[in-house]
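Here the structure comes first, spelled out in structure tokens, and everything after it is commentary.
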Amino acid sequence: MMGGLENDDSSVGVYATRPEDYDQYSFYLEPLIREYHGIHGDTRQEHDWNVPVGKFRLTNINKNLKNVSMRARVARNVKGWNLPPRMSKSERLKF
């Protein structure tokens, strides 16, 4: 919660810093996540983490497209690494 206290313009104000936080603090985080994203009822998000290496490359984008904006969000972690809010500068450089 320190991130929210230090950044009063933060839209949520609380962040998981380790993957285990989602389990350990689910009683607190899940209602916040559901409210923030407008998730109602028993809806659950399923993930398929088996993304084929090399399938998604920027070189595959149609070069005829104009005025296109995109972003890649890398806000989740890789096993063995802290989540971004907890990563030190040296961890970020190694990552």
Which of the aspartates and glutamates could a cross-linker span from LYS89 if the Cα-Cα distance has to be under 18 Å and same-chain partners fewer than 8 positions apart are dropped?
none
Using 0.36 nm times the number of residues separating ASP23 and ASN60, minus their current alpha carbon distance, what extension gain do you get?
9.6 nm
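All of the numbers you see were taken from the coordinates with simple rules; none came from a lab. Just so it is clear, the structure is predicted and the values come from calculations on it, not from any experiment.
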